[in-house]
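Worksheet: one structure, shown below.
Since every read-out is calculated from the coordinates, none of them should be taken as a lab result. This is a predicted model, so every value here is computed, not measured. Please note: Cβ atoms are built from the backbone with ideal geometry, for glycine as well, and neighbour counts cover all protein chains shown.
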Amino acid sequence: MVTARVWRTLTAVFLLAAVFGAFLGAAYAQSPLPVPALSGRVIDQTGTLDATQRQVLEAKLASFEQAKGSQIVVLMVPTTAPEDIASYANRVAATWKIGRKEVGDGVLVIVAKDDRKMRIEVAKALEGAVPDLAAARIIDNEMKPRFRNNDFAGGLGAATDQLIARINGEALPEVDNPGADKGVGGLLGDSDIDWGELGIFLFFGVIVVGRVLRSMLGNKLGPLVVGVGAGVIA
């Protein structure tokens, strides 16, 4: 009698533990690694690259983007768990939408340092310049050997050099405004402000405001106020 009761108790405990474990597993699986904000061309969440290394790599990628238009972004994370690196890279690429919107010429280089995994995601317009085999060779020949020696800056520098060389050989639409530094805004999209229309609006706005001020302040003070406003806008 006592033995049966003990067994029933143990069985209930094991069942509860199994259910609790399954619940935790499901909760963990439903909490993927967040996609970080696209704050630059080099995002290191591992603290591996020092300030100088980040600046050198960032400057190179910015210069390439200004000249060619295509965009390369480097992301380093400790791990992509619970996802594999391919799934996480796809999610990051879909969120960031790297590359010119009308061209689709972006490349994402992602490194999961603790997982010892690397991946290069290439947008459709660059699949001819950087096919899967070429991306794999860049990882194997440029990144892995240097990463093994803890030279992450060197590996990323060599990998991006190879990517830039390949993309420069691809026939792509020219840059609208070569030499202009878009900064992070170049990654996130251009402004849609039409400065010509804005100028016309302000010109007629000044005339209307002038008439209102003349009616309120009189013929002497009204023109003075409008003159200052027009001078500042010009």
request  = List the pair-distance distribution P(r) of region 42-188, using every Cα-Cα distance, as the percent of pairs falling in each 10 Å bin from 0 up to the bin containing the longest distance, rounded to whole percents.
outcome  = 11, 44, 37, 8, 0
note = Protection proxy (average C-beta count within 10 Å per residue), highest first, orders 61-70, 43-52 as 61-70, 43-52
Overall Cα dimensions of region 87-174, principal axis frame, Å, largest first = 39, 27, 20
query = Can you give the percent of C-alpha pairs in region 49-132 whose distance is more than 20 Å?
reply = 37 percent
note = Residues whose modelled amide H sits under 5 Å from the amide H of residue 117, counting only those 5 or more places away in sequence or on another chain, are 112
request  = Arrange 117, 101 by Cβ neighbour counts within 10 Å, fewest through most, would you?
outcome  = 101, 117
query = What is the calculated FRET efficiency for residue 66 to residue 31, with r their C-beta to C-beta distance and R₀ = 35 Å, to the nearest 0.05?
reply = 0.35
task = State the extension gain, in nm to one decimal, for the chain segment bounded by residue 56 and residue 171, taking 0.36 nm per residue of separation less the distance between their alpha-carbons.
result = 38.7 nm
query = Amide H to amide H, which residues 5 or more places from residue 72 or on other chains are under 5 Å from it, using H placed in the peptide plane?
reply = 107
key: Distance (nanometres) between label positions extended 7 Å along Cα→Cβ at residue 161 and residue 94   = 3.6 nm
ask   = Given H placed on each backbone N at 1.01 Å, which residues far from residue 83 in sequence or on other chains put an amide H within less than 5 Å of it?
value = 33
